[in-house]
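The values are calculated or read from the model by the stated rules, or taken from the named source; none is laboratory data. Every value quoted in this text rests on a predicted model; they were computed, and no experiment measured them. So basically every Cβ, Gly included, is an ideal-geometry build from the backbone, and we count neighbours across all protein chains shown.
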Amino acid sequence: MRFLAKSERWLKLNKHSAEYNRYMKSSEWAAKREERLQLDGEKCVMCGRKNGVRKDGAPILQVHHVHYGNLGNEPLEDLCSVCPRCHQLLHRYYRRFRSWQDKQATGGENFKSSRIDI
């Protein structure tokens with residue numbers, strides 16, 4: 001895979017693009033994913049669940065991108081190992097946080113508190 005300049009990388013490697021899907025199936029991603037899992041001790045960094053294999057043969061733990069700014073050329077610090085449940089919680093939190101930020105920035109009527117339950 002050709003690594004792109006940072007500005008064009010985000011445009012071409014956004015989360016739902018064919019380029020992103022190819023990258024997530026690449027040997028480059030597989031090696032980086034495995035390295036991150038090893039650094040995290042094959043455990044979820046949030047709850048401590050150990051890695052294993054699901055019934056379909058896929059590994060239990062997933063590797064989460066803390067942000068997508070370096071997608072396709074991300075340093076290991078941009079990644080963390082999480083179980084499916086914690087991965088879902090992370091994304092739910094970020095969706096709520098972005099929504100909260102938007103409401104706060106625009107003075108939205110539904111803005112009541114900074115508390116975010118996950």
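Which is buried (at least 16 other Cβ atoms within 10 Å of the Cβ) and over 19 Å from E19 (Cα atoms), of V82, V63, V53?
Working: V63 fails: over 19 Å from E19 (Cα atoms); V53 fails: buried (at least 16 other Cβ atoms within 10 Å of the Cβ).
The unique qualifying residue is V82.
Of all residues in the stretch 21-37, which are over 15 Å from P75 (Cβ atoms) and exposed (fewer than 11 other Cβ atoms within 10 Å of the Cβ)?
Residues of the stretch 21-37 over 15 Å from P75 (Cβ atoms): 21-27, 30, 34, 37.
K25, S27 - these are the residues of the stretch 21-37 that are over 15 Å from P75 (Cβ atoms) and exposed (fewer than 11 other Cβ atoms within 10 Å of the Cβ).
List, please: which pairs have Cβ atoms under 6 Å, are six or more places apart or on different chains, and start with a residue in the stretch 58-84 that is at positive phi and end with one that is at pLDDT below 95 and outside any loop (DSSP other than H, G, I, E, B)?
So the pair list comes out as G72/R9; G72/Y23.
So, in the stretch 13-37, how many residues would count as being hydrophobic (A, V, I, L, M, F, W, C) and modelled with pLDDT under 90?
Filtering the stretch 13-37 for residues hydrophobic (A, V, I, L, M, F, W, C) gives 13, 18, 24, 29-31, 37.
Now restrict to residues that are modelled with pLDDT under 90: 13, 18, 24.
Residues in the stretch 13-37 being hydrophobic (A, V, I, L, M, F, W, C) and modelled with pLDDT under 90: 3 in total.
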